[in-house]
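Working notes, beginning with the structure itself.
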Amino acid sequence: MFITNSTSKTLKKLLSSSQKSVFSFLCQPQNPPYTHTQKCHYVDVYMKWKKDSYYDSIEHIHRSIELKPIVSLKNCIAQDPNGCIPISEVSKRGLELGVPMKVARFLRQYPAIFEEFTGPQYNLPWFRLTPEAAEIDREEKRVFEERRDDLKDRLKRLILMSKGKVLPLKIIQGMQWYLGLPEDFLRYLEVNHDESFTLVEIEDGLKGLVVEDEEKVLSVVQRNAMKRGAYFGGTMEAIEFSLFPSKGLRVRRKIEDWLKEFQKLPYVSPYEDFSHLDPDSEIAEKRVVGFLHELLSLFVDHSAERKKLLCLKKYFGLPQKVHKAFERHLHMFYLSLRNKTCTAILKEAYNDKSAIEKHPLLKVRKKYIRLMKESELILKKRRFSNWFVNRENMKLDLDLDAADEERREMPDCSL
């Protein structure tokens, strides 16, 4: 076979370029494992939401929105030296306390918690706590005192997950109810925080809390995996999330295959640096899912209104469409649409009792909810009693009218 000059030149170019490419490949340093996983394309899948009556019926989750202003009003009364207040003291603070209607009307809806009486001056309505509510208030204060270290640790974990390990006080205040911190926690910082917290000035003239802690913090996912022997304390290890599919939820084969591959990706702890991650990669998504799991595990009832969590994007390095993490991972989170809002619930907390520690304040809040239910029964009995009295009065009036009618119809027999 004859080789022309042009052909030989082409062969030389191909050989030289192949040698260079091989040499460059051999000399190129080895990339860490996560760089390969980040190159995987983003699979656009969504699981179809299915209503689950089990999560929709968890009472202390769905009555939490109603309970929050009750506890705020309870604190106003309990903090008064006399243990009672006139309605004028709180009537104009409805917006501040989160009361959805007139304060007096709201207080009267819960007679098992708030007792109304006429005040010493001007016949104004006053309110005090019922003996049952006062006892629960004392128990709540004991929990705050005895479990102070546990509550501070939950706040510390929240701050350690943030960028720069610093959070504005306004963000902490917005998370107080979920974390179970007392309402005056930020008002008395010198008493409630230790040397690991530092009050600092941050951007826009805001004040914030910073945590300086050199110890490695393990997430709930890492601790549980360590118990199972699936995690050995390293970084970027592939830890699988615990999944809890809802009954009757059918998943397409494409989603099942994607979920299996997603579980095999390295787990990035929410307490670790994530600046090296490609925000459009699936490993970054797994980090976001791990963050949401850890966040909800810190909360009292392991749930929160989704719109409240979206306010955390700036300070925790979350993507703009972080809400999609809930929609793509319905085996981990349930989205409840009760109370005209969307509540994100961590499924693991209600399916594996040993996986996540119960919050010390949960038992107290359940007792308040029991009094709320008693209030409903009291009001129902009052309405029935009023209806019965009105019915008897109406019957008596009808009898009297009938008697008068008979007397008018009787002929006059007098001479």
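Among the candidates 230, 134, the residue that is in a loop (DSSP other than H, G, I, E, B) and surrounded by fewer than 19 Cβ atoms within 10 Å (Cβ to Cβ) is uniquely 230. Screening residue 241 on (1) at pLDDT below 90; (2) crowded, with 16+ Cβ neighbours inside 10 Å shows it passes everything except condition (1). Candidates 157, 105, 147: the one that is open to solvent by 70 Å² or more (accessible area, probe 1.4 Å), at pLDDT 95 or above, out of contact with any strand residue (DSSP E or B) (no Cβ under 8 Å at 6 or more places or on another chain) and not small (Gly, Ala, Ser) is 105. Taking the stated definitions as given, is residue 209 among the hydrophobic types (A, V, I, L, M, F, W, C) and either under 23 Å from residue 301 (Cβ atoms) or exposed (fewer than 15 other Cβ atoms within 10 Å of the Cβ) (or both)? No.
Of everything listed in (1) open to solvent by less than 10 Å² (accessible area, probe 1.4 Å); (2) free of Cβ contacts under 8 Å to residues at least 40 places away in the same chain, the single unmet condition for residue 290 is (2).
Here residue 363 clears all of (1) out of contact with any strand residue (DSSP E or B) (no Cβ under 9 Å at 6 or more places or on another chain); (2) crowded, with 16+ Cβ neighbours inside 10 Å except the condition numbered (2). Within segment 230-242, residues that are over 20 Å from residue 297 (Cβ atoms) have Cβ atoms under 7 Å from residues that are open to solvent by 50 Å² or more (accessible area, probe 1.4 Å) and aromatic (Phe, Trp, Tyr) in these pairs: 236/34, counting only partners at least 6 apart in sequence or on another chain. In segment 310-329, the residues that are in contact (Cβ under 8 Å) with a residue 24 or more places away in the chain reach residues that are of a type in the set (Gly, Ala, Ser) and surrounded by 20 or more Cβ atoms within 10 Å (Cβ to Cβ) with C-beta atoms within less than 7 angstrom, at least six apart or across chains, in these pairs: 315/162; 316/162; 326/344. Scanning segment 167-190 turns up at least one residue that is open to solvent by 20 Å² or more (accessible area, probe 1.4 Å), touching a residue at least 40 places away in the same chain (Cβ under 8 Å), farther than 30 Å from residue 350 by Cβ and assigned to a helix (DSSP H, G or I). When segment 338-347 is filtered for residues that are in contact (Cβ under 8 Å) with a residue 12 or more places away in the chain and open to solvent by 10 Å² or more (accessible area, probe 1.4 Å), the ones remaining, listed by number, are 338, 339, 341, 342, 343.
Within segment 148-165, residues that are over 15 Å from residue 218 (Cα atoms) sit with their Cβ atoms under 7 Å from residues that are exposed (fewer than 14 other Cβ atoms within 10 Å of the Cβ) and among the charged types (D, E, K, R), at 6+ positions apart or across chains, in these pairs: 152/194. Screening the candidates 289, 251 for the property of being more than 18 Å from residue 155 (Cα to Cα), part of a helix (DSSP H, G or I) and among the β-branched types (Val, Ile, Thr) yields one hit, 289.
For segment 59-124, which fully contained helices (runs of 4 or more DSSP H) count at least 1 residues that are hydroxyl-bearing (Ser, Thr, Tyr)?
Because the criterion is at least 1 residues that are hydroxyl-bearing (Ser, Thr, Tyr), the helices (runs of 4 or more DSSP H) in segment 59-124 that meet it are 64-78.
The values are calculated or read from the model by the stated rules, or taken from the named source; none is laboratory data. Treat the numbers as computed from the prediction; the structure is a model and nothing was measured. Please note: Cβ atoms are built from the backbone with ideal geometry, for glycine as well, and neighbour counts cover all protein chains shown. Heavy atoms of the whole protein, side chains included, go into the accessibility calculation; ligands, DNA and RNA do not. Shrake-Rupley method; radii C 1.70, N 1.55, O 1.52, S 1.80 Å.
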